[in-house]
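Inspection log for the structure reproduced underneath, given as structure tokens.
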Amino acid sequence: MTIAQTSNSRARVADPGEGIGLDELALATRNHGLPLEALRYDVTPPGLHYVLTHFDIPATDAHSWQLEIGGAVDRPTTLSLADLMRRPAVTSRVLLECAGNGRARFEPRPVSQPWLLEAVGTAEWTGTPLAPLLTEAGLSPDAVDVAFTGADHGVERGVEQDYARGLPVPEALRPEVLLVWGMNGMPLLPQHGAPLRLVVPGWYGMAHVKWLSRIEVLTERFTGYQNATAYRLKVDADDPGEPVTRIRPRALMAPPGWPDFMTRERFLRPGPVSLTGRAWSGRAALTGVEVSTDGGLSWAQADLAPADPAHPYAWRAWTYDWTATTGACELLVRATDELGGQPVEQEWNRQGMANNLVQRVPVTVLP
């Protein structure tokens, strides 16, 4: 019996009314999202930052670990972590968001890691720029893509693989792209890719390859599973679709008041309430954030913190002053960038990718 015969070979969409299954529950216990109250932090503490691991967290040893750079280069090279850490270091505050964030809120639901809204975080990543390393290796003038391979190994949809992603050469050569060994002033934690990971500001999390072990320059497009099959925006199973790349605009609200344990419905008292949260986009500059306190019937501009030139790829804080009155209501928030805004109705795709549907927060204001 082959691996393909023992594993689903095609992404599945849940039947109408089908609840989350044990396989999805197992994924949800291995991975975790940001508690939305942690939106209060400019920089997400590592234990609260979202985590997604496709396969097992590999056992790596920083002292013996090596990074290979090869393929279509004049001077293939192998570097230790110490070699990299002797190079010029940069610390950059960068937001990461999983491409599947919001998947579980699609209807019908694509069956996979059942993210709601919490697959996000902003950290300060320390490492060295990738572009000088590629330049020193001597990129072929025919180079098209750069493939990044991690030490994590497994099977996805019947395909045995090391996790690997490709970037177009112009993206890989952006000065902001880093080979990272530190997070929030500390060494990377195992679940965040220790001893070395890639950080590609502005792109969804699938591009930020963890446990990075090999970089290969290619003279043709990378056709590995995680580029050619996974992370595609498509409606039909046989449609090749468009690749997922940069992060779409999104705003999230730190739910006000206090929660019901099971349903997470919010409760608060009447009177002045400061609604707060974060907004971001990886594809274009943010232009505004709007809040609705009546279920989307009307919208008002929130106060959006100015962009920080020192941290162009971090999230931005927003606030909105609301006077709560007794009764049930639904709070909504949406962000807009220079290319457009968040949809109020879902824009469905088969893999559940890049769902930036507006957040809705049911609230009961008690007498």
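Taking 0.36 nm per residue of sequence separation and subtracting the Cα-Cα distance, how much length would be gained by fully extending the chain between Phe261 and Gln301, in nm to one decimal? Present the calculation step by step, with values, prior to reporting the outcome.
On the way: separation 40, 0.36 × 40 = 14.40 nm, distance 3.12 nm.
Using 0.36 nm per residue and subtracting the Cα-Cα distance, I get 11.3 nm.
Given the rule -39500 (n - 2.57) for each run of at least 4 DSSP H residues, summed and divided by the residues of the chain, what is its mean residue ellipticity at 222 nm, to the nearest 500 deg cm²/dmol?
Helix-only estimate at 222 nm: -2000 deg cm²/dmol.
Assuming a ≥ b ≥ c are the square roots of the Cα gyration tensor eigenvalues, decide whether the stretch 1-108 counts as rounded (a/c under 1.5), prolate (otherwise, with a/b larger than b/c) or oblate.
Judged from the Cα gyration tensor, the stretch 1-108 comes out oblate (a/c at least 1.5, b/c at or above a/b).
Let me understand the stretch 250-365 better: what is its radius of gyration from the alpha carbons, and its Dmax, in angstrom?
Every Cα atom of the stretch 250-365 included, Rg and Dmax give 14.8, 43 Å.
Where nothing but the Cβ of Lys and Arg (+1) and of Asp and Glu (-1) is charged, how large is the charge dipole of the chain around its Cα centre, in debye to the nearest 20?
420
Considering the chain as a Gaussian network with a 10 Å cut-off on Cα pairs, which listed residue, Thr149, Thr263, Thr135, attains the greatest mean-square fluctuation?
For the chain, modelled as a Gaussian network with Cα springs under 10 Å, the answer is Thr263.
Could you work out the Rg to Rh ratio of the stretch 55-159, with Rh taken as the Kirkwood radius (inverse of the mean 1/r over all Cα pairs)?
Details: Rg = 18.1 Å, Rh = 17.3 Å.
Radius of gyration relative to Kirkwood radius: 1.04.
Given 0.36 nm per residue, what is the gain on full extension from Asp42 to Glu107 after removing their alpha carbon distance, in nm?
Contour length minus Cα-Cα distance gives 20.1 nm.
Can you find, among Leu134, Thr325, Thr91, the residue sitting farthest towards the positive end of the charge dipole of the chain, where Lys and Arg contribute +1 and Asp and Glu -1 at Cβ?
Among Leu134, Thr325, Thr91, the one farthest towards the positive end of the dipole of the chain is Thr325.
Where Rh denotes the Kirkwood radius from the mean inverse Cα pair distance, what is Rg over Rh for the chain?
Numbers: Rg = 21.3 Å, Rh = 21.7 Å.
With Rh from the inverse mean 1/r over Cα pairs, Rg/Rh is 0.98.
How long is the gain from Lys234 to Ala131 if the chain were fully straight, where each residue apart is worth 0.36 nm and the alpha carbon distance is subtracted? Before the final figure, lay out each step's value.
On the way: separation 103, 0.36 × 103 = 37.08 nm, distance 3.20 nm.
Taking Lys234 through Ala131 to full extension adds about 33.9 nm, to one decimal.
Roughly how many nanometres apart are two label points built 7 Å out from the Cα toward the Cβ at Ile20 and Thr287?
3.6
What does the charge count around Ile69 come to, taking other residues whose C-beta lies under 12 Å from its C-beta (Lys +1, Arg +1, Asp -1, Glu -1)?
Net charge in that neighbourhood comes out at -3.
May I ask for the percentage of alpha-carbon pairs in the stretch 41-81 that lie more than 14 Å from each other?
70
Rule-based calculations on the coordinates, nothing more; no lab input. Values in this document were obtained by computation on a predicted structure and should not be read as measured data. As a convention, Cβ positions derive from the backbone with ideal geometry for all residues, glycine included, and neighbour counts pool all protein chains shown.
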